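The values are calculated or read from the model by the stated rules, or taken from the named source; none is laboratory data. Small disclaimer: the values here were computed from a predicted structure and weren't measured. When we count neighbours, we look across all protein chains shown, and the Cβ atoms used for this are built from the backbone with ideal geometry, even at glycine. Protein only, heavy atoms only, side chains kept; ligands, DNA and RNA dropped before computing areas. Shrake-Rupley method; radii C 1.70, N 1.55, O 1.52, S 1.80 Å.
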Amino acid sequence: MGPIEKNMNSESTMLVKIPLRIRKKKKTEETILSVAKQLFQEKGYARVTVPEIADEADVSVKTIFNYFGSKEELAFQEEVQFCDQLILHLLSRNENQTIFESFQNFLWTLIQSIDPDHLIESLPGFHAWMDDPILEQRYLLLWENYEKRITDALQLELGKKEYDPVLRVIACQIVAILKTLGSKDFKNYLKPIPLALRYRALEKWTLGSLELISGIRNHLQKTDFN
């Protein structure tokens, strides 16, 4: 889910401080991921083999498996990275922000980073190759993993030693918006809307969705979840 990464460009200024070996490893990982994504888009997930990805990326099959545990992991790596970014954003919020306000800020930053002229293809989440039946179960597990990771992160930050179902509900509501935004159905919903009006429709949907889950904010203001 690449658009939000535009706001992390400051990290590039730190490259001079990172050892050359680490930078080369990062570049190799990015190359493999980029090649795999391109091949998946062109040929479909099922028709692409790991040796083919290795050949196009000019690395060995062994090297690919040193970075990624499976071809499925390659297909979903961007989504895993996106979840990392979301959790980092939620946990690095300032002391005056609630979880809801932090998520709201994250979502609007994401929306505003999308190119209005290429809105549908720029939306994070669902890629055409994910329509492959082979990936259906993995796609469902992806969102369950989002919910669990966000719940665990919030539980750890708030010092909850025991499982708190309230935090899971909060995580589920956050994920529901991202899951819808990144779905094939949502992109199909936007397609009939005239190009000039699509971005406005996206903004309107975002406002409505945040309003629906604003109860998170109201609840957090009445509790010690801050």
Any helix of the chain counts here only if DSSP assigns it H throughout, its Cα atoms span 18 Å or more along the axis, and its mean Kyte-Doolittle hydropathy is at least 1.0, and such helices are 165-181
DSSP loop trypsin sites (Lys or Arg not before Pro) in segment 156-226 with at most 15 other Cβ atoms within 10 Å of their Cβ, which ones?
Lys160, Lys161, Lys222
Once neighbouring chains are kept in place and the probe is 1.4 Å, which whole percent of the accessible area of the chain is contributed by carbon and sulfur?
52 percent
Estimated dipole of segment 21-69 in Debye, rounded to 20 [Cβ of Lys and Arg +1, of Asp and Glu -1, Cα centre]:
360 debye
Calculated on alpha-carbon atoms, Rg and Dmax of segment 21-69 in Å:
10.5, 33
Among Ala196, Ala171, Ala46, which one shows the biggest mean-square fluctuation in a GNM of the chain, springs joining Cα atoms closer than 10 Å?
Ala196
Sorted peptide list for 188-194, 130-136, 39-45, criterion being average Cβ within 10 angstrom, highest first
39-45, 130-136, 188-194
Give me the percent relative contact order of segment 21-69, please, defined on Cα pairs under 8 angstrom at least 6 residues apart.
33 percent
Distance from segment 155-176 to segment 70-108 (C-alpha centre basis), Å:
14 Å
About its Cα centre, what dipole magnitude does the chain give when the only charges are +1 on Lys and Arg Cβ and -1 on Asp and Glu Cβ, stated in debye to the nearest 20?
300 debye
Multiply the residue gap between Lys161 and Arg138 by 0.36 nm, knock off their C-alpha separation, and tell me the result in nm, one decimal place.
5.3 nm
What shape does segment 64-193 take by its C-alpha gyration tensor, where a ≥ b ≥ c are the square roots of the eigenvalues and a/c under 1.5 counts as rounded, a/b above b/c as prolate, and the rest as oblate?
oblate
Over the Cα atoms of the chain, each weighted equally, I'd like the Debye log10 I(q)/I(0) at q = 0.07, 0.10, 0.18 Å⁻¹, rounded to two decimals.
-0.26, -0.54, -1.41
GNM, the chain, Cα, under 10 Å: largest mean-square fluctuation among Glu147, Glu95, Glu52?
Glu95
Accessible area per residue of segment 49-170 at 1.4 Å probe, in Å²?
51 Å²
So, relative contact order of the chain in percent, Cα under 8 Å, 6 or more apart, is 24 percent
For the pair Glu52 and Arg200, the simple spin-label estimate (label points 7 Å beyond Cα toward Cβ) gives in nm 4.3 nm
Length gained when the stretch Asn66-Ile193 is fully extended (0.36 nm per residue, less Cα-Cα span):
41.3 nm
